[in-house]
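Colleague: One structure is given below, represented as structure tokens, and several questions about it will come after.
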Amino acid sequence: MPLVGTTEMFKKAYKGHYAIGAFNVNNMEIIQGIMEAAKEEESPVILQASEGARNYAGQEYIVGLVKIALQDYPEIPTALHLDHGSSYEICKACIDGGFSSVMYDGSKHPFEENVKVTKQIVEYAHEKGVVVEAELGRLAGVEDMVSVDAKDAIFTDPDQAAEFVERTGCDSLAIAIGTSHGAYKYKGDPYLDYERLEKVGKLLPGYPIVLHGASTVIPEFVEKCNQYGGKVLGAKGVPEDMLRKAATMAVCKINIDTDIRLAMTSAIREALYKDPSNFDPRNYLKPARNAVKEMVKHKIEAVLGSAHTI
């Protein structure tokens with residue numbers, strides 16, 4: 001099966017009240033672990049590469065690895081997505097380079113500029129059969145006792161979201177309702193603004209919403225990292241039950257990156273700690289790959305709800 005866009009994935013997810021996992025990839029082992037999990041769980045999947053991943057591995061290497069994965073797992077509907085493209089030029093390079101989906105992040109720009117550039121990318125992408133995700137609102141950690149005015153300043157305005165989609169023609173929209181990037185998402189209690197999400201859903205019926213910064217920072221991996229010489233202190237993510245609830249609403253795509261990093265790093269730290277004489281990368285990357293697989297299987301079952309939907 002060739003790479004697919006996300007349109008049909010999201011239609012099924014919306015109707016079925018589940019979400020598709022968008023997992024960040026940086027190397028062969030991560031891709032293998034994700035695809036093995038998707039096969040065992042019979043789930044569609046989105047493999048996404050950030051600009052950082054493109055700089056690290058090289059765009060052609062990433063595309064090549066994904067193409068090999070499609071040969072090995074032809075039964076898995078798989079999209080290759082650019083995560084957080086910062087410019088028209090980078091989005092265009094990925095569209096021309098074989099990606100089936102791109103995300104332009106213009107959330108840091110004024111509304112009108114975000115609309116303008118997003119629309120340009122949509123027009124170019126759609127000519128090539130590629131879908132576009134956009135972003136409106138700023139992701140930030142939410143502290144206890146944050147005021148309503150402060151929330152409104154960073155969270156996505158539902159009316160503005162509806163206008164943005166109408167004017168740009170983007171295929172999906174990442175909104176800010178309380179998630180945050182990285183392993184240190186909250187200083188206070190975790191919070192997702194479901195009321196805001198519900199308003200967006202009513203204004204954009206049937207339209208796929210995306211949650212960025214949605215790793216849970218699974219305690220098991222944090223503890224293992226620290227047990228075997230790491231120093232990941234005070235990390236706090238989005239509880240899985242909160243994400244599962246969002247996936248039953250308008251959210252059709254949930255991004256997961258930090259949990260992959262923690263799963264992989266904890267396995268590598270354990271392997272090297274238990275055998276200091278080990279200098280063969282295969283001996284510590286194999287358990288790391290398996291840790292990614294098991295973590296992704298867990299996410300598919302407990303958070304996304306996308307198991308057995310192929």
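The values are calculated or read from the model by the stated rules, or taken from the named source; none is laboratory data. No experiment lies behind these values; they were computed from the predicted model shown. No Cβ is skipped: glycine too gets one built from the backbone with ideal geometry, and neighbour counts run over all protein chains shown. Calculation scope for accessible area: heavy atoms of the full protein, side chains included, ligands and nucleic acids excluded. Shrake-Rupley method; radii C 1.70, N 1.55, O 1.52, S 1.80 Å.
Colleague: Got a sec? What order do Phe111, Phe10 fall in by accessible area at 1.4 Å, biggest, i.e. largest, first?
Modeller: These residues rank, largest area first, as Phe111, Phe10.
Colleague: What accessible surface, in Å², does a 1.4 Å probe find on Tyr14, ignoring ligands, DNA and RNA and rounding to the nearest 10?
Modeller: Here the accessible area works out near 60 Å².
Colleague: If you count only protein heavy atoms with a 1.4 Å probe, what accessible area per residue comes out for segment 213-310, rounded to a whole Å²?
Modeller: 46
Colleague: Quickly estimate the mean residue ellipticity at 222 nm for the chain, helices only: each DSSP H run with n ≥ 4 gives -39500 (n - 2.57), and the total goes over all residues, rounded to 500.
Modeller: After summing the helix terms and dividing by the residues of the chain, the value is -15000 deg cm²/dmol.
Colleague: Share of the chain's accessible area from carbon and sulfur, percent, 1.4 Å?
Modeller: 52
Colleague: Can you give the net charge of the other residues whose Cβ lies under 11 Å from the Cβ of Asn290, counting K and R as +1 and D and E as -1?
Modeller: +1
Colleague: Once you order the gyration tensor axes a ≥ b ≥ c over the Cα atoms, which shape class does segment 1-92 get: rounded for a/c under 1.5, otherwise prolate or oblate by comparing a/b with b/c?
Modeller: It is oblate, given that a/c is not under 1.5 and a/b is not larger than b/c.
Colleague: Among all the lysines, which ones have a C-alpha under 24 Å from Lys274's C-alpha, if same-chain residues fewer than 8 places away are not counted?
Modeller: Lys224, Lys231, Lys286, Lys293
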